Amino acid sequence: MEQQVKDGLNFILGAVNTAKVEAEKAFSNINTEFQSLAAKGAQDQSEVSVNLRKYLQEGISQVETIIGKANTVVADAKAKVATVTSKA
């Protein structure tokens, strides 16, 4: 019975180790393929790609502006709440 428990435990440990190694390999392969595709995309200078990059950058800039304004409003609101609560 004791040997069966040890064998079962070793089986589980082996399976977990194998799954970990395979997951790391898969992640590495995905990362390599991503980098390869990104490099190919960077080389694409077609009109569509150039315009897409331009509009995407403009969109990102607008989102960053909105986030900055929202952070300012939140900071102002926190300051006002702190002022009101400190007077109470």
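The values are calculated or read from the model by the stated rules, or taken from the named source; none is laboratory data. Note that the coordinates shown come from a computational prediction; the quantities given were computed from them, not determined experimentally. We place every Cβ from the backbone using ideal geometry, glycine too, and count neighbours over all the protein chains shown.
What the table below lists for this structure:
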| quantity | calculated |
| --- | --- |
| Filter result for THR72 (hydroxyl-bearing (Ser, Thr, Tyr) and within 21 Å of the chain's Cα centre (by Cα)) | no |
| Condition met for ALA23 (of a type outside the set (Lys, Arg) and either modelled with pLDDT under 95 or touching an Asp or Glu at 6+ places or on another chain (Cβ under 6 Å) (or both)) | no |
